[in-house]
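Novice: One structure, as structure tokens, below. Some questions next.
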Amino acid sequence: FNAGRGAVFTSEGRVELDASIMDGASLGAGAVAGVTTVRNPISLARRVMTHSPHVMLIGSGAERFAAEQGLEQVDPSWFFSVRRWRSLETYLRASKLPIPPRPAALDGSDPIEQLVHDEGKKGTVGAVARDVHGNLAAATSTGGITGKRWGRVGDSAIIGAGTYASNAACAVSATGDGEVFIRAAAAREIASLVEHRGMSIQEAADIVIHQRIAALKGEGGVIVVGRDGSGAWSFNSDGMYRARATSEGGVEVALYKDED
Ligand code: ASP
């Protein structure tokens, strides 16, 4: 998937990772953007929430904090995959942008190449959960979008856009066109419709995806869990890899439209 190892490349041939996490009980939140050496960016986002006075850290400062926290760091090439490099070349060629030199680390065997699913430039990973005490949480991790430029940061690193959780409403994690999800404040908007308009999580998710996001010509989807532990998802893309599990043992997995 497009998170951690196997994430997409920037136009300069780098992997820059974004992640965020939110605790619906305390409204505590942590986010990181543009990290290149932290093996599990979502763990760093969590440390930002629990061990720093801040909510969002970027780039080299985020990496320094990761080192101080003793989180595992790897060479940036650890994240690289041949499949994502090919997507970058295709994108840059179509956009008439220069193709950076192919990193030496891409020669040789590529374990990630064996993954046959093709979700194009998408594949952000998100999770939402409710525990036995009724506490909600949401988390999102991504490489962003293929060929991103100039230190671009997407919705996945932004609390209220790609991630939001409040015990008063619901927990939301998004995937899709990050710029549009930021402009729509998508995750918080769903929570607001639930909290202030009394909508069900399904209604709120559908309104934000099929009206707000669609009106801005955006594509993507969300997973949501409600205060009662019920789940919802909504997307306007051809598919969205998704799954849910309940404490009663119910498990559901689906990839494309019309599978619910
Ligand atoms: N939302 C992510 C971003 O814009 C990308 C994705 O979900 O595919 O960074």
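Novice: How tilted is helix 41-51 with respect to the longest principal axis of the chain? Cα atoms for both, answer in degrees (0 to 90, nearest 10).
Specialist: 60
Novice: Once label points are set 7 Å from the Cα along Cα→Cβ at both Ala215 and His54, what is their separation, rounded to one decimal in nm?
Specialist: Between Ala215 and His54, the label points sit 3.5 nm apart.
Novice: Could you tell me how many degrees, from 0 to 90 and to the nearest 10, lie between the Cα long axis of helix 186-197 and the main elongation axis, the longest principal axis, of the Cα atoms of the chain?
Specialist: Helix 186-197 sits roughly 0 degrees off the main axis of the chain.
Novice: So for the chain, taking the charge dipole from beta-carbon charges (+1 Lys/Arg, -1 Asp/Glu), which of Ser156, Val251, Gly221 sits furthest toward the positive end?
Specialist: Value: Ser156.
Novice: What dipole magnitude, in Debye to the nearest 20, does the chain give about its Cα centre under +1 on Lys/Arg Cβ and -1 on Asp/Glu Cβ?
Specialist: 700
Novice: Lys257: accessible area at probe 1.4 Å, nearest 10 Å²?
Specialist: Approximately 100 Å² for this residue.
Novice: Give the Rg/Rh ratio for the stretch 172-250, taking Rg as the radius of gyration of the Cα atoms and Rh as the Kirkwood radius, to two decimals.
Specialist: Details: Rg = 12.3 Å, Rh = 12.6 Å.
Rg/Rh for the stretch 172-250 comes to 0.97.
Novice: Next up: With the other protein chains left in place, how much accessible area per residue, in square angstrom, belongs to the chain at a 1.4 angstrom probe? Present the calculation step by step, with values, prior to reporting the outcome.
Specialist: Values: 12330 Å² over 260 residues.
Each residue of the chain exposes 47 Å² on average to a 1.4 Å probe.
Novice: Using the Cα centre of the stretch 154-260 as the reference point, and only Cβ charges (+1 on K/R, -1 on D/E), how large is the resulting charge dipole? Debye, rounded to the nearest 20.
Specialist: 320
Novice: Could you give the angle, 0 to 90 degrees to the nearest 10, between helix 59-68's Cα long axis and the longest principal axis of the Cα atoms of the chain?
Specialist: Roughly 80 degrees, rounded to the nearest 10.
Novice: What does the net charge come to around Ala214 if you take all other residues with beta carbon closer than 14 Å to its beta carbon, with K and R at +1 and D and E at -1? Walk me through the numbers before you get to the answer.
Specialist: Values: positive: Arg183, Arg212, Lys217; negative: Asp177, Glu189, Asp206, Glu219.
Taking every other residue near Ala214 into account, the sum is -1.
Novice: Would you calculate, for the chain, the mean residue ellipticity at 222 nm contributed by helices, counting each DSSP H stretch of 4 or more residues as -39,500 (n - 2.57) and dividing by all residues, to the nearest 500? Don't skip to the answer; put the middle values down first.
Specialist: On the way: 6 runs with 59 residues, N = 260.
Rounded to the nearest 500, it is -6500 deg cm²/dmol.
Novice: Extending each Cα 7 Å along its Cβ direction at Ala25 and Lys257, get the distance between those two points in nm, one decimal.
Specialist: 4.0
Novice: For the stretch 117-260, what mean projected area does the convex hull of the alpha carbons give, in nm²?
Specialist: Numbers: hull surface 34.1 nm².
Averaging across all directions leaves 8.5 nm² for the Cα convex hull.
Novice: Treating the stretch 1-58 as a set of equal point scatterers at the Cα positions, no solvent, please give the Debye-formula log₁₀ I(q)/I(0) at q = 0.17, 0.28 Å⁻¹.
Specialist: The calculated log intensity ratios at q = 0.17, 0.28 Å⁻¹ are -0.53, -1.07.
Novice: Moving to a separate point now. Mind checking which of Ser43, Ala62, Ser87 is farthest towards the positive end of the stretch 34-88's charge dipole, using Cβ charges of +1 (Lys, Arg) and -1 (Asp, Glu) about the Cα centre?
Specialist: Checked the options; the winner is Ser87.
Novice: Which percent of the accessible heavy-atom area of the chain goes to carbon and sulfur, probe 1.4 angstrom? Present the calculation step by step, with values, prior to reporting the outcome.
Specialist: Numbers: 6410 of 12330 Å².
Of the solvent-accessible surface of the chain, carbon and sulfur hold 52 percent.
Novice: What does the accessible area of Asp206 come to, in Å² to the nearest 10, when a probe of 1.4 Å is used?
Specialist: 50
Novice: Using Cα pairs under 8 angstrom and six or more residues apart, how large is the relative contact order of the chain, in percent? Walk me through the numbers before you get to the answer.
Specialist: Values: 621 pairs, mean separation 49.7, N = 260.
Relative contact order for the chain comes out at 19 percent.
Novice: Would you kindly derive the ³J(HN,Hα) couplings of the stretch 227-241 from the backbone phi angles with the Karplus curve 6.51 cos²θ - 1.76 cosθ + 1.60 (θ = phi - 60°), listing them in order in whole Hz, with x for Gly and Pro?
Specialist: Each residue of the stretch 227-241 in turn: 4, 8, x, 6, x, 8, 9, 8, 7, 10, 8, 5, x, 7, 5 Hz.
Novice: Here's a follow-up. Could you list the square roots of 5 times each eigenvalue of the Cα gyration tensor of the stretch 58-106, that is, the equivalent ellipsoid semi-axes, sorted largest first and rounded to whole Å?
Specialist: Working: eigenvalues 170, 35, 13 Å².
The answer is 29, 13, 8 Å, longest axis first.
Novice: Please calculate the 1.4 Å probe accessible area of Asp155, with all protein chains present, and give it to the nearest 10 Å².
Specialist: 10
Novice: In whole Å, what is the distance between the alpha-carbon centres of the stretch 230-247 and the stretch 124-188?
Specialist: After rounding, the separation between the Cα centres reads 14 Å.
Novice: Write down the radius of gyration of the chain and its Dmax, each obtained from C-alpha positions, in Å.
Specialist: Taking only Cα atoms of the chain, I get Rg and Dmax of 17.9, 55 Å.
Novice: Project the alpha carbons of the stretch 1-104 onto their principal axes and report the range along each, largest first, in whole Å.
Specialist: If we take the Cα atoms of the stretch 1-104, the spans are 46, 25, 21 Å.
Novice: Would you compute, for the Cα atoms of the stretch 216-260, the largest minus smallest coordinate along each principal axis and list the three values in descending order, in whole Å?
Specialist: Computed over the Cα atoms, the extents are 38, 21, 12 Å.
Novice: Normalised by the residues of the stretch 187-260, what does the relative contact order come to in percent, with Cα pairs under 8 Å and at least six apart?
Specialist: On the way: 88 pairs, mean separation 15.5, N = 74.
Relative contact order of the stretch 187-260: 21 percent.
The values are calculated or read from the model by the stated rules, or taken from the named source; none is laboratory data. Note that this is a predicted model, so its numbers are computed, not measured. Heads up, the Cβs are rebuilt from the backbone with ideal geometry, glycines too, and the neighbour counts pull from every protein chain shown. Keep in mind that these areas ignore ligands, DNA and RNA; they rest on the heavy atoms of the full protein, side chains included. Shrake-Rupley method; radii C 1.70, N 1.55, O 1.52, S 1.80 Å.
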